[in-house]
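The structure appears below as structure tokens.
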Amino acid sequence: MKSSVEALEGNKVKVIVNISEEEFEKDLDAAFKRLASEVRLPGFRPGKAPRKVLEARIGSEYARGEAFEKALPRYYSEAARDGDVDVIAPPDIDITEGRDGGAVTFEAVVEVRPQISISGYKDIVVKIDAPEISEDELNEAEERFLKAYGELVDADRPAESGDTLELDISAEHDGEPVPGLISDAYSYTLGSGTIVPELDVELLAAEPGDELDFAAVHPDPEEEAPLRFSIRVAKVQRVESPEPTPEFMQQNSEFETIEEFRADYIERMSANRVERARQARGNAVADAVAKLVADDDVAPPLIELEVENRIEDMAMRMQAQGMQLEQFIQMTGQSTQQFVEGIRATAGDGAKLDLALRAVVEAEGLHCTDDQLTDEVQAAAEAMDEPADEIRKRYAEAGLLSKIRWDLSKRNAMDFLVEHATVKDKDGNKINTERFEVPETAEEDIPAEQATESADA
């Protein structure tokens, strides 16, 4: 087989494939063998009828058509792979020579991924939550810790959210008592919302001795009749926290002092907060660069390809967890169509990100190196416990090396964008991102589902 690629207008190319008569004869012979197993001829067992008998009975034209149907897609795929054609839609195939016999030539016109250029990608500014632990947050953490060891005391003031109220409570529905809501000395935490929202509203600012009668919407939406409450407030109590003396801290915690508790909280939460900020930065940069791509640059086939890639990726992840995608969809309560439409709703953004990252790769010369590809193959080989040469050969035969190269190149582009982005907090103050940096062996800033999976093709 020989092939060539000719560029056309409108993000299309023409793949021209020439197949010698000798090579196509193998496909024709395979077609006759398939037909022999399907056609029943007197005097011959299934699959045993000679080719000449079949030619006489059904004609060579029919068998040739069968050979075209089975073989041409394979030849086209091989030619597209050899020509590194970045296909995004099925081809339109036209047989130009050899329809009736001899050598075969066909042309496949196919839409390819557009190559675009974008501007402004070096000037991206994003806003994320600052990773710092504020003094207010630290004080709240200390208060929560101490309250866990506190005691209830009379509040000597109107009820506030968080107070514990002792209630004589009676609730009815349609004139009938409500089980569980007929009680004296009922303990209720104001603001908990554990019964009905109206209860928290009515009890706010209540004092001991207050009597309240009110109606509330039944929590069951199928019940039209309201709940009717009669309540007497017996007590309003608050939690009195202990003093965080060294003696208390040593008896009730792993810390010698409250200062050690606060320092430990900062250390524990800072690592988590920085990781969240690092991920937020990557996602925000990805969103920003995707917005630099015009809607007109995103051809409908790109969106459909994005949908297919996302569904395929999700199916693989579900399978790794021992679940079929169909089971997962059923658990969400959606139909398959609703599930697919939900994915399609954001697929356009993923397609834009893919185009943007490719544009940055081309503009900045960020194509992956041979060493990067080798490292990627080696990592896959170690994960699958197989020789790297075997994995690389398998990738090559499946036509995956180009895709892997682009995935790595897009990761390079994402790293470049993150490095050049200005990161600010929600108040507009610039964040020092030096502490965001991680060793090269650690996870990159590239969003897991946006920069690689969403850009797969």
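Among the residues of region 75-83, is there at least one that is within 16 Å of Ala31 (Cβ to Cβ) and outside the structural domain of Asp354 (by TED's automatic domain parsing)? Within region 75-83 (the criterion being within 16 Å of Ala31 (Cβ to Cβ) and outside the structural domain of Asp354 (by TED's automatic domain parsing)), the answer is yes, since at least one residue qualifies.
Is it the case that some residue within region 265-277 is of a type in the set (A, V, I, L, M, F, W, C) and more than 27 Å from the chain's Cα centre (by Cα)? There is at least one residue in region 265-277 that is of a type in the set (A, V, I, L, M, F, W, C) and more than 27 Å from the chain's Cα centre (by Cα). Going by what's in this entry, would Lys291 be described as of a type in the set (D, E, K, R) and in the same structural domain as Thr189 (by TED's automatic domain parsing)? Against the criterion (of a type in the set (D, E, K, R) and in the same structural domain as Thr189 (by TED's automatic domain parsing)), Lys291 does not qualify. For region 351-386, residues that are surrounded by fewer than 14 Cβ atoms within 10 Å (Cβ to Cβ) and over 17 Å from Ile404 (Cβ atoms) total 2.
Inspect region 333-350 for any residue being closer than 28 Å to Ser117 by Cα, charged (D, E, K, R) and either surrounded by fewer than 19 Cβ atoms within 10 Å (Cβ to Cβ) or touching a residue at least 24 places away in the same chain (Cβ under 8 Å) (or both) and give the result as yes or no. Yes: one or more hits.
Applying the criterion of being among the hydrophobic types (A, V, I, L, M, F, W, C) and under 30 Å from Glu142 (Cα atoms) to the residues of region 208-262, the residue that is surrounded by the fewest Cβ atoms within 10 Å (Cβ to Cβ) is Phe248.
Which condition number does Glu207 fail, the rest of (1) in a strand (DSSP E or B); (2) more than 30 Å from Tyr265 (Cα to Cα) being met? Failing condition for Glu207: (1).
Can you spot a residue in region 19-28 that is modelled with pLDDT of 85 or more, touching a Pro at 6+ places or on another chain (Cβ under 7 Å) and of a type in the set (A, V, I, L, M)? So far as region 19-28 goes, no, none of its residues is modelled with pLDDT of 85 or more, touching a Pro at 6+ places or on another chain (Cβ under 7 Å) and of a type in the set (A, V, I, L, M).
Of everything in region 140-189 that is of a type in the set (Ser, Thr, Tyr) and part of a loop (DSSP other than H, G, I, E, B), the residue that is surrounded by the fewest Cβ atoms within 10 Å (Cβ to Cβ) is Ser161.
The values are calculated or read from the model by the stated rules, or taken from the named source; none is laboratory data. What you see is a predicted model, and the numbers here were worked out from it, not measured in a lab. Reconstructed Cβ throughout: ideal geometry from the backbone, glycine too, with neighbour counts over all protein chains shown.
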